[in-house]
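**Student:** Next up is a structure, given as structure tokens.
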Amino acid sequence: MNINVLRLDHRQKRDARITTHVCLTARAFGANKVILSGDEDTKLMENVRDVVKRWGGDFKVDYKKNYDNLIDEWKNNGGEIVHLTMYGSQVQEMVDDIKISPKNKLIVVGGARVPTKVYKHADWNVSVTTQPHSEVSSLAVFLHMLFDGKEFDKEFEGGKMKVVPTAEGKRVIINNDPDIE
């Protein structure tokens, strides 16, 4: 199953930090790609690509100005849409149904105002709590539940850097050489 994330209505001046965090969270928690809509932000996209180059994996970030066409194409190609919203059915009640289907998933996360079309075209409108919070936290919780926590063991091949977990301090292996930190 291929997992793409659609970030609705990115605003370059206002949303750069939160959209970057959507991308980093999607990558770290097992998604294959983030597609940005709204303002085209080549600097943000290059920063995410640089993270992939340094830390590994084959994560992609793309831009599509008109996400209406993307949603239609996704559905027409047999994919399913999961819209993360505080107004949906609770994630703990829906995630098993979502996991059952092997179809590719497009996970849609917030914008200033989500159009009715997104709600109507979604196969699942999923709530990660019924309280206001960040699309970053919703995405992390949802992906964690979708992958049953297996994303914690994900290996990111080809990276130049890797963190070695330690109880104290920082340990980073550079260029896959454990003697260089």
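**Student:** If the only charges are +1 at each Lys and Arg Cβ and -1 at each Asp and Glu Cβ, what is the size of the charge dipole of region 82-130 around the Cα centre, to the nearest 20 debye?
**Tutor:** Value, rounded to 20: 280 debye.
**Student:** With all pairs of different alpha carbon atoms counted, what Kirkwood hydrodynamic radius in Å does the chain show?
**Tutor:** Roughly 17.1 Å, rounded to one decimal.
**Student:** Explain nothing, just the number: dipole magnitude of the chain about its Cα centre with +1 on each Lys and Arg Cβ and -1 on each Asp and Glu Cβ, in debye rounded to the nearest 20.
**Tutor:** Dipole of the chain, to the nearest 20 debye: 500 debye.
**Student:** Please give the peptides 85-92, 135-142, 168-175 ranked by average Cβ packing (other Cβ atoms within 10 Å per residue), highest first, as a rough proxy for protection.
**Tutor:** So the peptides 85-92, 135-142, 168-175, ranked by packing, come out 135-142, 85-92, 168-175.
**Student:** Another one. Between beta-carbons, use under 12 Å as the cut-off and find the net charge around residue 156, counting Lys and Arg +1, Asp and Glu -1.
**Tutor:** Net charge around residue 156: +1.
**Student:** Further question on the same structure: Semi-axes of the equivalent ellipsoid for region 1-97, please: Cα gyration tensor eigenvalues, times 5, square-rooted, ordered largest first, whole Å.
**Tutor:** Three semi-axes, in Å: 22, 16, 14.
Read the figures in this text as sums done on the coordinates, not as results from a lab. Because the structure is a prediction, the values reported are computed rather than measured. Reconstructed Cβ throughout: ideal geometry from the backbone, glycine too, with neighbour counts over all protein chains shown.
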